[in-house]
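The values are calculated or read from the model by the stated rules, or taken from the named source; none is laboratory data. As the structure is a computational prediction, the values presented were derived from the model and not from experiment. Cβ sites come from the backbone with ideal geometry, for glycine too, and all protein chains shown count toward neighbours.
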Amino acid sequence: MSIVNYATREITCKIVYYGAGRSGKTTNLQYIYAQVPPDRKGNMVSLATQTDRTLFFDFLPLDLGTISGFTTRFQLYTVPGQVYYQATRKLVLQGADGVVFVADSQSRQLDENIESMQDLHGNLAEHGIDARTVPLVVQYNKRDLPQELLSTIDELQDVVNFRGVPDFPADALHGPGVFETLRGISEIVLKRLSATQSTPR
Amino acid sequence: MTASRFRFDTYVVGSANRLAVGAARAVAEAPGAVYNPLFIHGPSGLGKTHLLAAIGSHARQLQPSLQVEYVGFDDFVEQFHASVSAGEMETFRRRWGAVDLLLLDDVQFLTGRRELQGELLRLFNALQGTGKQVVLSSDRPPQEISDVDERLVSRLAGGLIVDIGAPDYETRLAILRAATTERNVQVATDVLETIARLQLPNVRELHGALNRVVAEQSLAGRRVTSGEVWELAGSKGVPPEVEAPRRASDGTSLGGEYASFLSDIASAVAASVEPWKSRLAEAIAYWRGEGFRTGVLERAMQLGAAPDIDALLGTFTAAVEHMRQLERHAVTVDPLLGGNEVFRDPERIDDAEALVDRALAGDTPPPGPDPAFTRQGFESAGSNQLAARAADAVVAEPGARYNPLVIHGPSGTGKTHLLHAVGNALVVSGARRVACAGAQAFIEELVGALQDGSVDRWRARYRGVDALLLDDVHFFAGTERAQEELFHLFNELHGQGRQIVFTSNVAPKDLTGLEDRLRSRLEGGLVVSMQPPERTLREALYRRWLSGWGVTADDELLRYLGERPANTAREVQGTASRLREAAAQANVTLTLGFAMETLEPQRRASLAVPRASGGIDAFLLNEEKIVWDWPDVSGRVIEELR
């Protein structure tokens, strides 16, 4: 997908929220969705199981209106975190302009985070993308939980952000950090515009 | 037509119409006392009619005895014409003079209707003189209504002139809410907001967009969401911009985080997109919003390097302006051309110009002269020499010497021939469009155009000609609209120095049923008459036709034929043709003897031998005047002897 289409004067960014099961990816999207003024709201598509787990993926189109003459749209996706949805994750990741890795800050979920990050790298590699070049930010979610349950930011940085990409502590349920994360990834994605202008990807 | 839903309380007041509504209320509450006349103008679809009707219903509510008349201009014209043709002008004047509050809609159509303007002027004077109120609406201020009597303009402008502008976002929203309440339909608030934000040019279209949403809801049995509005509205209006007026108001509460995110993204985008592309994209978005195609700019957008962006945008703007001018021009010729697709694409200037040219020329050119009638084929001698010379002068200097040239004379004297001959000669000498038609055909065309509503185009067709040649103008006698049209056409062409030639069976001064203003114009040029051919012309005509057919005729024969009376050139031609055929049948050469035998078989015996010279006294040759066969002469003599 082309991020900037000069013919139609559109900027379209596909951002994928990646992470282990129950790390709070859908919660991120839901919070964003709730903040969008009614006249800008598209439909948030969520395919969830009866226990409210993401079965397939969530899709939130954000119509940002016309910016500098460009109709700007963000498309936010989540992948299903559970291990057995490997094929879906790979599919959703296809054509992503940026990835938000949502890590669960609970110390008992550390391994899941590591596993998911490896899964991300693997899937990107299968799409022929070097994980080091794709715009990526990390979010340490659930910082609102009691301290004793949480890994420290340093610990998390060591295991899921060894590359030192921008990272954000967050409480997706209540909002802190959600837009900071989205802003972080958006800016990196848009910065790449100047470099990759009008080259189809 | 003061429809009950057109009231003040259903009229949404915003900054763009506050003054107009205030004045309207004042007038409704005290008709004739304040602003008189009240003149409301503004673009179509912004509620002028609503306001007029609201004045009417409010005034009537306050004073039930008040005689209120709302009338659309077309209706008024219709009634005026009906009264004129029924000869009931007095009734018409009495009826309208008795009105206490006159609401006249769409007076911009006054343009060019002189009689009507006169009548209106009289009516306004009568009404205002007795303290009655007049309220008018138009799509433009009085001074801009073209071709209107100065006195009337000053009357129209004499009271208060207020304009109605396009509603702002909040007013649009209020209008939509009022509409949903009035119609008792449920539409989600955010949907209404989205519709209001479409920035449709007028209220009518705003209602249209709401109608589509309501229809969709009732047909599909579900609520329409704001996301679907854009699609339902058929991509009308201007897409919402980032700097939409509402952002500030909701940016603080619910969408606070979102708004600040948005502004960060905006600066990120602005920083990442090259400035020239950004300028181009903004120009594209703007011009598309204005309804123009932006192909040139879109292609420039895909260039690798920055073009001369100022020059490009400058050229584009100039092209758009040119298109707008062309469109305005085209509309004056044919109102149907307004909004034509071609005027929306600055890359199609050539097409647009061609369209305007075509429109100017009319779709079909007016009827031209019949090539069969040439000046060479027109015999001029004696009685028609003056007409022929005048015709030659007209051809030599069209529009300069004799304008109009009116040729009159009895039927069959060659007026039509001469008229078409002039037309053909003008074409030969370079006139591009020469209209040459019979008056009856002209009137027929007008009626046809009235019937299918293409009068403007019809009119343009004739107004674009280089010369107008009308045959048999006496057929205009007794017509109304045709005379009016001819009058305007005449003035238009005459003012531009285009040649006009008319023929008629009687002199203009004797034309009954023709308006004086038209008659005086007919007489303003040169009036020449054509008389039945006398002997010299008859001889010349016989010589021309016979020799034209390859029949040799000696002088004696021609003299004989010339002596034969004939009222028209057509009759002469008929006789010549008869002789030729008879000679051909008998297989003899045409001689005097043969001619006499053919034309006057009874006389052959007695007058077989022609006199040596001087010809026969024409009186003796006239069969009708001489009794050749006396019945039973002997019986009568005996009778008288008794």
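Brief remarks on what is shown
- Of the residues B:A98, B:A82, the single one that is at pLDDT below 85, of a type in the set (A, V, I, L, M) and surrounded by fewer than 21 Cβ atoms within 10 Å (Cβ to Cβ) is B:A82.
- When region B:551-603 is filtered for residues that are charged (D, E, K, R) and either in a loop (DSSP other than H, G, I, E, B) or more than 29 Å from B:T416 (Cα to Cα) (or both), the ones remaining, listed by number, are B:D554, B:D555, B:E556, B:R564, B:E597, B:E600, B:R603.
- Residue in region B:431-442 that is among the polar types (S, T, N, Q) and at pLDDT 90 or above present: no
- Taking the numbered list (1) assigned to a loop (DSSP other than H, G, I, E, B); (2) surrounded by fewer than 21 Cβ atoms within 10 Å (Cβ to Cβ); (3) not charged (D, E, K, R) in turn, B:V465 passes all entries but (2).
- Scanning region B:171-190 for residues that are surrounded by 15 or more Cβ atoms within 10 Å (Cβ to Cβ) and acidic (D, E) yields a total of 1.
- Residues within region A:145-173 that are without any contact (Cβ under 8 Å) to a residue 40 or more places away in the chain and surrounded by fewer than 14 Cβ atoms within 10 Å (Cβ to Cβ), tallied: 9
- For region A:63-79, a tally of residues being touching a Phe, Trp or Tyr at 6+ places or on another chain (Cβ under 8 Å) and modelled with pLDDT of 85 or more returns 5.
- For B:T111: the one exception among (1) surrounded by 15 or more Cβ atoms within 10 Å (Cβ to Cβ); (2) modelled with pLDDT under 85: (1)
- Screening A:P61 on (1) surrounded by fewer than 22 Cβ atoms within 10 Å (Cβ to Cβ); (2) in contact with a Leu (Cβ under 7 Å, 6 or more places away or on another chain); (3) under 19 Å from A:Q30 (Cβ atoms) shows it passes everything except condition (2).
- Scanning region A:61-94 for residues that are assigned to a strand (DSSP E or B) and β-branched (V, I, T) yields A:T66, A:I67, A:T71, A:T72, A:T78.
- Enumerated helices (runs of 4 or more DSSP H) restricted to region B:256-360, each holding at least 3 residues that are more than 9 Å from chain A (Cβ to nearest Cβ) and of a type in the set (A, V, I, L, M): B:295-301, B:309-333
- Scanning region A:14-41 for residues that are more than 9 Å from chain B (Cβ to nearest Cβ) and hydrophobic (A, V, I, L, M, F, W, C) gives A:I15, A:V16, A:A20, A:L29.
- Region A:6-21: number of residues that are outside any strand (DSSP E or B), crowded, with 20+ Cβ neighbours inside 10 Å and under 18 Å from the mean Cα position of the chain (by Cα): 1
- Test: residue in region A:112-120 that is closer than 16 Å to A:V16 by Cα and within 13 Å of another protein chain (Cβ to nearest Cβ): no
- The set of residues in region B:513-543 being surrounded by 17 or more Cβ atoms within 10 Å (Cβ to Cβ) and among the polar types (S, T, N, Q) consists of B:S529 alone.
- Single residue of region B:407-419 satisfying the filter (among the polar types (S, T, N, Q) and outside any helix (DSSP H, G or I)) that is nearest to the chain's Cα centre (by Cα): B:S411
- Any chance B:D629 is at pLDDT 65 or above, closer than 30 Å to B:Q376 by Cα and of a type in the set (D, E): no
- Any hit, region A:23-41, residues being within 15 Å of the chain's Cα centre (by Cα), of a type in the set (D, E, K, R), more than 30 Å from B:E274 (Cα to Cα) and modelled with pLDDT of 90 or more: yes
- Selection status of B:L173, under 22 Å from B:V13 (Cα atoms), within 14 Å of another protein chain (Cβ to nearest Cβ), of a type in the set (A, V, I, L, M, F, W, C) and free of Cβ contacts under 8 Å to residues at least 24 places away in the same chain: yes
- Restricting region A:158-186 to residues that are touching a Ser or Thr at 6+ places or on another chain (Cβ under 8 Å) and either among the acidic types (D, E) or assigned to a loop (DSSP other than H, G, I, E, B) (or both) leaves a set whose member that is farthest from the other protein chains (Cβ to nearest Cβ) is A:L173.
- Of all the listed residues (B:A209, B:A196), the sole one being in a helix (DSSP H, G or I) and within 10 Å of another protein chain (Cβ to nearest Cβ) is B:A196.
- Failed criterion for A:Y140 (all others in (1) within 30 Å of A:A7 (Cα to Cα); (2) surrounded by 17 or more Cβ atoms within 10 Å (Cβ to Cβ); (3) away from chain B (no Cβ under 14 Å) hold): (1)
- Summed over region B:104-118, the residues that are under 21 Å from B:Q133 (Cα atoms), out of contact with any His (no Cβ under 9 Å at 6 or more places or on another chain) and either polar (S, T, N, Q) or not assigned by TED's automatic domain parsing to the domain that holds B:S83 (or both) give a count of 1.
- Residues within region B:387-406 that are in a loop (DSSP other than H, G, I, E, B) and either touching a strand residue (DSSP E or B) at 6+ places or on another chain (Cβ under 8 Å) or not acidic (D, E) (or both), tallied: 7
- For region A:81-105, taking the residues that are under 28 Å from A:P146 (Cβ atoms) and surrounded by 18 or more Cβ atoms within 10 Å (Cβ to Cβ), the one that is farthest from the chain's Cα centre (by Cα) is identified as A:S105.
- Members of region A:133-151 that are farther than 19 Å from A:C13 by Cα and outside any strand (DSSP E or B): A:K142, A:R143, A:D144, A:L145, A:P146, A:Q147, A:E148, A:L149, A:S151
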